[in-house]
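Undergrad: Please find one structure pasted underneath; my questions will follow.
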Amino acid sequence: MKRLLLLLDSMIYFDRQVLKGIKARLDETNLKVRLYLESGSALDELKQEPWDYVIADYDKAVFRNIVQTCNAKVLAYSNHHRNDFTPNASTIVIDNESLSEAALRWFLDAGLTHVSFFSNEQDAEQPWGKERKEAFIRQSRHIGLDYTESVFGAIETRLFPLGVYCSSDRSARKLAQYCEQNHIDVPTQLSIIGTDSDNTERMLSPLPLSSLELNPYELGRYCVDTLIKTIRFKRRFHYTYAPTQLYEAATTRSQEQFDDLVSRASLYIRNNFHINIKIKQVTDFCKTSRKTLDSRFLSIHGVTAHQYLTNIRLRRAQYLLRHSTDKLDIIAQQCGYPNQSYLTQVFGKQIGISPSQYRNHHQSPLVSPVSED
């Protein structure tokens, strides 16, 4: 059996989610491999091993060294564009331009004219942090918004209302804490959008954070799909990964528009809809009754929690029908349904046509490479 080496740091939440996506996608494909996970030890020994395939977080120097010296078919991913990818690797790069554009789109829709960008000291030194800031500044000025370099200067001069895009949820949480300590009304005076949808940072924040979802689980799945293409076509592919889904919470919604119970339940559903969860698991997680949960969902979203879960699953099914060639049984499993028959039944009832008919009318290529060699 072929050997696949995963160079990820399983102690980090983002990498763990990438790992889950990789494993889930491998289970759905015909690529039969034995998995090996390495987080940073025994690196010299790894260089001596005969690996067939490698998926690596290329932002970590110790992993780059292994990738650059191995003869395996390699898929490397990064949080930013870089010029030092090894020539033997297919690559996936997170599109920070799209993230910045998504944040600006929300600020525009909210009618804000003053915007700024915030990074804590750690994020500000990271290439991906710099790339997000540069993209945000360039795009905000291009569309005619008033960009302010210093968030704290804007607060001091009362330049409100102000929209602030943060390099990460860690930075967003620190800004939310500063606002709480200095009696700045969030989101009336200052709206905050983070990046990551990080549950830990959300828990530590004085207000639940609105955040752009990087969706590392989906990134892991893309990694497998790209590796399979690399194997099949015996060539390298170079893609960008552009997650633009904004998860709204209290830092961009007024208290009248926000419900913490619904926010926690919605995030749980979004993170787990693909593993066939039931609403009972949602109510257990939120420590509430089904009646209360449905009442609050109806107030905020206009649908019950079950319908909200169904909508999430069907949107995912529609996306896969348009952008993949997966069989319906595989798509059903990815959406949290036990089989093709169940998916077809729900899809027909909610959408009005069968999944196959939808695919015939809407199918397009899975992804478009920005370059190929």
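Undergrad: Would you mind telling me which residue in Asp329, Asp294, Asp44 has the biggest mean-square fluctuation in a Gaussian network model of the chain, where springs connect alpha carbons within a distance under 10 angstrom?
TA: Asp44
Undergrad: What list of whole percents do you get for P(r) of the range 131-174, with Cα-Cα distances grouped in 10 Å bins up to the one holding the largest distance?
TA: Over the range 131-174, the share of Cα pairs per 10 Å bin runs 24, 54, 22 percent.
Undergrad: Taking only Cα atoms and a 10 Å spring cutoff, compute GNM fluctuations for the chain and point out the largest among Arg173, Arg232, Arg296.
TA: Taking springs between Cα atoms under 10 Å, the residue moving most is Arg232.
Undergrad: Counting only C-alpha contacts under 8 Å and six or more residues apart, can you give the relative contact order of the range 201-308 as a whole percent? Don't skip to the answer; put the middle values down first.
TA: Values: 82 pairs, mean separation 25.4, N = 108.
Relative contact order, the range 201-308: 24 percent.
Undergrad: May I pose another question? Please report the spacing between the Cα centers of the range 95-146 and the range 165-188 in Å, no decimals.
TA: Comparing the Cα centres of the range 95-146 and the range 165-188, I get a distance of 16 Å.
Undergrad: How much of the accessible area of the chain, in percent, comes from carbon and sulfur atoms when a 1.4 Å probe is used?
TA: Roughly 48 percent of what the probe reaches on the chain is carbon or sulfur.
Undergrad: I've got another one for you. Once the convex hull of the C-alpha atoms of the range 74-214 is built, how many Å³ does it hold per residue, rounded to a whole number?
TA: 111
Undergrad: Determine one quarter of the surface area of the Cα convex hull of the range 57-110, which equals its mean projected area, and express it in nm² to one decimal. Could the numbers behind the result be given before it?
TA: On the way: hull surface 16.8 nm².
Across all orientations, the range 57-110 yields a mean hull projection of 4.2 nm².
Undergrad: While we're looking at this one, here's another question. Provide, in order from the shortest bin, the percent of all Cα-Cα pairs of the chain in each 10 Å bin, continuing until the bin that contains the maximum pair distance.
TA: Each 10 Å bin holds this share of Cα pairs: 5, 21, 29, 27, 15, 3, 0.
Undergrad: Okay, moving on. Report the Rg/Rh value for the range 22-140, based on alpha-carbon coordinates and the Kirkwood definition of Rh.
TA: Ratio of gyration radius to Kirkwood radius: 1.09.
Undergrad: While we're on this one: Compute the distribution of all C-alpha to C-alpha distances in the range 159-299, in bins of 10 Å from 0, and list the percent of pairs in each, rounded to whole numbers.
TA: With 10 Å bins starting at 0, P(r) equals 11, 33, 29, 18, 8, 2.
Undergrad: How much of the DSSP bridge set in the chain is antiparallel, in percent, rounded to the nearest 5?
TA: Percent antiparallel among DSSP bridges in the chain is about 10.
Undergrad: Something else about it: Output the relative contact order of the range 89-177, whole-number percent, from Cα pairs under 8 angstrom with separation of 6+ residues.
TA: Computed value for the range 89-177: 41 percent relative contact order.
Undergrad: Averaged over every viewing direction, what's the projected area of the C-alpha convex hull for the range 4-52? Give it in nm², one decimal, please.
TA: Orientation-averaged projected area of the Cα hull: 3.6 nm².
Undergrad: Provide the per residue accessible area, probe 1.4 Å, for the chain, rounded to a whole number of square angstrom.
TA: For the chain, the per-residue accessible area is 48 Å².
Undergrad: With a 1.4 Å probe and all protein chains kept in place, how much accessible area does Ile231 have, in Å² rounded to the nearest 10?
TA: Approximately 40 Å² for this residue.
Undergrad: Please build a GNM for the chain, connecting alpha carbons under 10 Å apart, and tell me which residue among Glu213, Glu97, Glu45 fluctuates the most.
TA: Glu45
Undergrad: Normalised by the residues of the chain, what does the relative contact order come to in percent, with Cα pairs under 8 Å and at least six apart?
TA: With pairs under 8 Å counted, the relative contact order is 14 percent.
Undergrad: Next up: Can you pull the one-decimal nm distance between simple spin-label points at Thr69 and Lys47, each 7 Å off the Cα toward Cβ?
TA: Going by the 7 Å Cα→Cβ label model, 0.1 nm.
The values are calculated or read from the model by the stated rules, or taken from the named source; none is laboratory data. Keep in mind the model is a prediction, meaning the values are calculated, not measured. As a convention, Cβ positions derive from the backbone with ideal geometry for all residues, glycine included, and neighbour counts pool all protein chains shown. Side chains are part of the model used for accessible areas, which takes the heavy atoms of the whole protein and leaves out ligands, DNA and RNA. Shrake-Rupley method; radii C 1.70, N 1.55, O 1.52, S 1.80 Å.
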